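Below you'll find the structure, written out as structure tokens, and then a few comments.
The values are calculated or read from the model by the stated rules, or taken from the named source; none is laboratory data. For clarity, every value in this text was computed on a predicted model and none was experimentally measured. Cβ coordinates were reconstructed from backbone atoms using ideal geometry, including for glycine residues, and neighbour counts include every protein chain displayed.
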Amino acid sequence: MERTVDFKKILFPTDFTEPSKEALQYALSLARRYSARLYVVHVVNFSDEAAGFYVPHISFERLDEEMKQRAEGLLKSFCKEGLREFKDYESVLLEGEPYKEIVRFVEKENIDIIVMVSYCKEGLDRFLFGSTTERVIRKTDCPVLIVHPSK
């Protein structure tokens, strides 16, 4: 039995890196092909991003707020640069553990496909920490298109 695939909602999580910019082109291509809405998401993980970072004159709340504002600016710039004339998108800033927030967003928004970059961690890093991409794949039933960075 042949199944018709029709993507109406595409999720693209980003960390603003060059490989992520490259992978955006796959998400954008799918969004154009299927006339789909593209959700560009960045997850701010305060516990990881602020770990080991201490400035005596700034409270953790203020540091978190500054990190959030910086991430909002980066997300806006990322979309402006990478999506130029494409208008059917929404940029979303989430807070928490990246894979958990991505999975929650997929369920909440009924996402049809996720396009993610994978950095191919190896060895001990992969064993101890896994990867956001691997965890998303394990925790959601949504199809995931994995884009490997170009060399």
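Among the residues making up region 73-103, a single one is of a type in the set (S, T, N, Q) and either closer than 16 Å to I114 by Cα or under 12 Å from the mean Cα position of the chain (by Cα) (or both): S91.
Against the definition (touching a Lys or Arg at 6+ places or on another chain (Cβ under 6 Å) and of a type in the set (F, W, Y)), how does Y99 come out, yes or no? Yes; evaluated as a whole, the condition is true for this residue. Look at (1) at pLDDT 85 or above; (2) touching a strand residue (DSSP E or B) at 6+ places or on another chain (Cβ under 6 Å) and you find that T140 fails only one, number (2).
Within region 15-42, can you find the residues that are modelled with pLDDT of 95 or more and among the β-branched types (V, I, T)? Result: V40, V41. Can you confirm whether F105 is surrounded by 16 or more Cβ atoms within 10 Å (Cβ to Cβ), of a type in the set (F, W, Y) and on the phi < 0 side of the Ramachandran plot? It is true that F105 is surrounded by 16 or more Cβ atoms within 10 Å (Cβ to Cβ), of a type in the set (F, W, Y) and on the phi < 0 side of the Ramachandran plot. Remark: V117 matches the filter, which requires a residue to be modelled with pLDDT under 95, within 24 Å of V136 (Cβ to Cβ) and touching a helix residue (DSSP H, G or I) at 6+ places or on another chain (Cβ under 8 Å).
Table: residues versus (1) touching a Ser or Thr at 6+ places or on another chain (Cβ under 7 Å); (2) hydrophobic (A, V, I, L, M, F, W, C); (3) closer than 19 Å to K21 by Cβ.
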residue: G73; (1), (2), (3): no, no, yes
residue: C79; (1), (2), (3): yes, yes, yes
residue: E85; (1), (2), (3): no, no, yes
residue: E90; (1), (2), (3): no, no, yes
residue: L94; (1), (2), (3): no, yes, no
residue: Y99; (1), (2), (3): yes, no, no
residue: V103; (1), (2), (3): yes, yes, no
residue: D112; (1), (2), (3): no, no, no
